[in-house]
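Read the structure below first, then the notes.
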């Protein structure tokens, strides 16, 4: 392997940016499974949770955040943030769950593995939804933040066979699917939420998960009314891994010997996992962070996920939102497949929204922000997310309610003014009209925007 030492360094650098969750696998081993979030040992650290605890106000006027805990697949305890916008009197709220992409990514979209603790993509998603009257539940994935820790081997450097199996079982792909389904079922059970107006939002690998959970999940009060697929692949997991490796080796300038070596090795490992559910023992050192031994079960199940097939099966409205400069999920290859699959439905109600100049996190790619991890999500993306979701879940905007209320108030005053002219007792209609006008205005003023 000595002649590939340069390729080993190159590939590790590639893997630090290639994953669906934007996590650096060169820094430390990480819990969770993904094309680029896995590590070269089973010593799995936790990720600091950046969510606020308790019942706290947010940047959205009138909204509050609530720390919640509930059971996921196999009874694993999951922790999340329920963000509730200001309710309208007598009405329950529409809501969505937000499912994270790959890697050790917490409920807000942050990862201490990368040293990036202020990405906050999912927090921004939640607040954009709340600004349009839609509640949300975002959660720490199993083994991350405040959710239940993974089973740690007594000696991480020398885990027993039983400990390896426990780790593999805990991080099985199906558990992540079932966690998403359990989160959705829990959301629908909350007293503030209208279960008939609930949906699922998945980002990157999370898009795979919500598509499968919507099709196969159990325990729902109602099936998901809408799906939002943000930066979601349209091809199978193994194909995306292969293309990420090819493209990133090219980007890093791998030579004519290194490229086929790592690409062929990747394809060989994927084929073995598909057949046996086990990671081969002869994984090249440069690919070890991508294929640790405990992820065979995860990958074998993940490779069976067909996002286009699941998309075609979903009967409700779907929003596909993608950054034009995404180099992890490929707009030219993945998005058209989802679009084509959704068009096969009858009736079909979906929209594809490409965010110009934005990367995988739907943030602008600039010379000052070449990775697209920092700063705010593109305003056009947040506006589309909020307006589309609110429209499909039948949310009447509070600003629109205010406008209508003002018109009603003015109409009342005009009506009673005309009535006073036509009657013999003009003072009474004027007084009644003025009182009703003032009452209507007070009600309208009490509505939060």
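How many nm separate the modelled label positions at residue 380 and residue 349, each set 7 Å beyond the Cα in the direction of the Cβ?
Taking the simple label geometry, residue 380 and residue 349 are separated by 2.6 nm.
Of 71, 204, how do they rank once you tally other Cβ atoms within 10 Å and put the fewest first?
Values: 71 14, 204 31.
Starting with the residue having the fewest Cβ neighbours, the order is 71, 204.
Is the range 257-354 rounded, prolate or oblate when judged by the Cα gyration tensor, a ≥ b ≥ c being the square roots of its eigenvalues, rounded requiring a/c under 1.5 and prolate requiring a/b larger than b/c?
Values: a/c = 3.28, a/b = 1.93, b/c = 1.69.
Prolate, since a/c reaches 1.5 and a/b exceeds b/c.
Each reported figure results from applying straightforward, stated rules to the coordinates on display, with no laboratory input. Note that the structure is a prediction, hence the values are computed from the model and not measured. Because the Cβ atoms are built from the backbone with ideal geometry, glycine has one as well, and the counts that use them run over all protein chains shown.
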